[in-house]
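Comments concern the structure below.
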C-alpha cells in the first residue's frame, strides 16, 4: 500500500513577498493563512481562535501575538473583539486591508527593479 505525502502532511505555503511585509517567515505563514481565510469568506471579517491558528500554522501563541501586533501597527490587519461576557472569552474577528498588502508588494518590486 502506497501513501502519498499529501495524505500524511499538511503543507502550509506563503508568498515570498509576505516575508518583507511581516519581517519573518512565521509572519508570512500567518499572513498567508489570514489572506486565504479572508478571501474564502468573500472579504468579510472571520473568526478563528488562537488554538485554531496554532493548529493551522504551527506558530506558538506568543509569536502569534507579536505577528498580529506588527500587522495591526502597519495597517494590514484589523481585529474586532465581539461577544465578551463574564467568564466567556470574546471572539476575535479578523479583517485584512488587501490594498495595503498590494501597496507593500508593489513598493518592494519597485525597489528590486531599481
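Since every read-out is calculated from the coordinates, none of them should be taken as a lab result. All values derive from a computational prediction rather than experimental measurement. Virtual Cβ from ideal backbone geometry, glycine too; neighbours counted across all protein chains shown.
Overall size of segment 57-112 from C-alpha positions, given as principal axis extents largest first: 51, 23, 17 Å. Taken as Cα centroids, segment 14-30 and segment 36-91 sit 16 Å apart, rounded to the nearest whole angstrom. The order of 31, 64, going from fewest to most other C-beta atoms within 10 Å of their C-beta, is 64, 31. Comparing 17, 32, 73 in a Gaussian network model of the chain, where Cα atoms under 10 Å apart are tied by springs, the biggest mean-square fluctuation is seen for 73. Dividing the summed -39500 (n - 2.57) terms of all DSSP H runs of n ≥ 4 by the residue count of the chain sets its mean residue ellipticity at 222 nm at -16500 deg cm²/dmol. The mean sequence distance of close C-alpha pairs (under 8 Å, at least 6 residues apart), as a share of the length of segment 17-101, puts its relative contact order at 30 percent. Shown is the FRET efficiency for residue 73 and residue 42, computed with R0 = 35 Å from the Cβ-Cβ distance and rounded to the nearest 0.05: 0.85.
Need one number: the % of Cα-Cα pairs in the chain sitting beyond the 23 Å mark.
Values: 2214 of 6441 pairs.
When every Cα pair of the chain is considered, 34 percent fall beyond 23 Å.
Using a simple spin-label model with pseudo-atoms 7 Å out from Cα toward Cβ, residue 98 and residue 13 lie 1.9 nm apart.
How much FRET efficiency would the formula 1/(1 + (r/R0)^6) give for residue 90 and residue 63, where r is the Cβ-Cβ distance and R0 is 22 Å, rounded to 0.05?
On the way: r = 21 Å, r/R0 = 0.97.
Efficiency, from the Cβ-Cβ distance: 0.55.
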